[in-house]
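For reference, the structure discussed in these notes is given below.
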Amino acid sequence: MEYLLKSVICLMVFLAIHRLLLQREVFYQFNRFYLLGAIIFSFLIPLNTIEKVVFVEKQAPVFVESLNFGENVIPTFENVSNQELVLTELPTELPWQILLWIVYGMVSIVFLIRFVKNIGVLYNQVNKNLKVTYRGQTLVLLSQKVIPYTFFHYIFVTKEEFENEEISDAVFEHELSHVNGKHSWDILFIELLMIPFWFHPGLYWAKQSIQLNHEFIADQSVLKKWPIHQYQQELLQFMAGNPSNSLVSNLNFSLTKKRLEMMKKQTKSTIRVIKLLVLLPVIALVIYGFSEKKSVEVAKDSGSESKSINNSEELDFHLNIGGGIKYEGKVYAISDLKDLLKDSDNHVLVNLSVDPGVPMGQLADFQTELRKLDVRKIKYLSNSSIWPRSNERINDLTEYLNDLQVYKERLATGVHYIQRSADEQKEILNEFLDLGGKYFRLPMDLQRKTQRPKHPYDPFIRLEKDGEVYFKKPGDLTAEEKATLPPPPPYDGMADETLLEAYNELFYSYELKRNEKQHFIFKSEIDQDQIQSLYDQVMNSYMSLDYLAKSKVTKPTLPAEPYVKITRNGVEMFKLPSELTPEERAANGC
């Protein structure tokens, strides 16, 4: 629909340019090819894509923005507005689309029947009436009185007028110009287009302009041999009417004051050159304006900026449990941050460590102050007691935040995910699945205080056609592509075939390793560590899937299944559940 609208407006603009600049000037042959070209290019220009390079600055991931306490940041794998669009279009527009297609088809059939009928009428006249060769041309002599008209190499005239020699040389020369100029091909081209595009107003305007220009060409050909006043008087004798067939070139077509005035028109060569020079940039603007625009984002990596980012200044801060911040061996208040950072740019890297037991509110105040100072990079030092070691849930958050920073930095470096190699895409996707598992294992109160990892191909949507995968932004989707998107589930998650494929591949690698040779409990300690590490990756991937995706895959089995790992007197051992003592059952939750 958007393409057709652009095509209609594009042709109307071309025709308006013709009306304003060209129609009143005496270069009719140029106008003929301009009008035909306008029709053709109005259908081609909206298909043309102009790539616009947009330089974007590389920005390091900012944890300050993600740890926005009191806000629920819930990114989704798909664009929410696009999901809503699918929800509204599929159930409501489909019946109307079918109805509109039926109406469109019926009207197109009517126009096709009309076209075939007009062709049939003309050839019926050719076959049933007398044909004579006159001055090398084929004349069809009709019994009824008609205004002379032309169709391809046939000139139709009234038999009585021909026999009484009432067809003047000027009229014959006029129709001969239509024959030699092959004007019928232009009209036939327009009529064929009007069968499927009968709703296109520009085609009706273009047909009228082309036929009028044909008459200008024929008039100009006559005036080279006969006086203008004599020719005009002969034309006025045919004011009775026009033939009903829309496929012919008619002597009396649009015999208006404008056409009579154009016979006297002379265009100075200077004016002609000026108008043609003006026409070129105007046409270029039309082509640019109606072409499809595609922004290609390129990471801005100029020498000076890259140097500034890569060699960013690092500052070490430590949050004391009493409320102060330690910097270069001295203790300051949080309000002193502005003075401490006044000589640093926004590329400064803050290495942050925290005393065990520091409340989350104190950390939030520190982050808020950094946000005001436009500090873009923070590194949380988990190996320097940033969180209390006794608080496992906070340690999990610290690990997740550090991994999220690494993931964001990787996405922000180089080209976008969809432009990377298949191997690199697979590696990034596995990293995303692992990160998603860590996020979902966080307690709900900590999830609300941080940010869920975005899918690597965000903000694009993954589409598949004829077995080939491609990506597009939601705003660039066609109606057909939107219709192929599955409706969203009743919550903010959606099974993604890419995630399922990545998970299954990882799952089968784990199962292959787990079942290799002897059972897990009899393997060497090195092999057990490798299998346990692989199990953790698979479990992380499983935890990152939503409920719909989980229903389509197999949950990973514990490496030691069906054995249970127990510790007795500091020694680890494995037992079957049936062999456990009551005390061992209670200790292991069996």
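Take Gln232 and tell me if it is at pLDDT below 95 and surrounded by fewer than 16 Cβ atoms within 10 Å (Cβ to Cβ).
Details: at pLDDT below 95: yes; surrounded by fewer than 16 Cβ atoms within 10 Å (Cβ to Cβ): no.
For Gln232, the condition - at pLDDT below 95 and surrounded by fewer than 16 Cβ atoms within 10 Å (Cβ to Cβ) - is not met.
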Margin query: Here are the criteria: (1) assigned to a helix (DSSP H, G or I); (2) more than 50 Å from the chain's Cα centre (by Cα). Tell me which single one Val140 does not satisfy.
Written below: (1)
Item checked: Filter result (charged (D, E, K, R), within 24 Å of Gln537 (Cα to Cα), surrounded by 15 or more Cβ atoms within 10 Å (Cβ to Cβ) and modelled with pLDDT under 70) within the stretch 364-423 -> Asp396
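Is it the case, given these coordinates, that Lys517 is assigned to a loop (DSSP other than H, G, I, E, B) and either modelled with pLDDT under 75 or buried (at least 17 other Cβ atoms within 10 Å of the Cβ) (or both)?
yes
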Notebook entry, point to check: Is the stretch 268-288 home to any residue that is at pLDDT 75 or above, closer than 29 Å to Phe27 by Cα, within 32 Å of the chain's Cα centre (by Cα) and not in a helix (DSSP H, G or I)?
Noted result: no
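Working carefully through the options Lys225, Lys207, Lys131, find the one that is part of a helix (DSSP H, G or I) and either at pLDDT 95 or above or of a type in the set (Lys, Arg) (or both).
Values: Lys225 fails: part of a helix (DSSP H, G or I); Lys131 fails: part of a helix (DSSP H, G or I).
After applying the criteria, what remains is Lys207.
Would you be able to tell me the number of residues in the stretch 541-577 that are over 33 Å from the mean Cα position of the chain (by Cα) and either in a helix (DSSP H, G or I) or not hydroxyl-bearing (Ser, Thr, Tyr) (or both)? Can you show your working first?
Narrowing the stretch 541-577 to residues over 33 Å from the mean Cα position of the chain (by Cα): 554-577.
Now narrow it down to the ones that are either in a helix (DSSP H, G or I) or not hydroxyl-bearing (Ser, Thr, Tyr) (or both): 555-556, 558-562, 564-566, 568-577.
Number satisfying all stated conditions: 20.
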Next item on the list: Kindly check whether there is at least one residue in the stretch 558-571 that is in contact with an Asp or Glu (Cβ under 7 Å, 6 or more places away or on another chain) and surrounded by 16 or more Cβ atoms within 10 Å (Cβ to Cβ).
Entry: yes
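The values are calculated or read from the model by the stated rules, or taken from the named source; none is laboratory data. It should be emphasised that the depicted structure is a prediction, and the values quoted were computed from it without experimental measurement. Because the Cβ atoms are built from the backbone with ideal geometry, glycine has one as well, and the counts that use them run over all protein chains shown.
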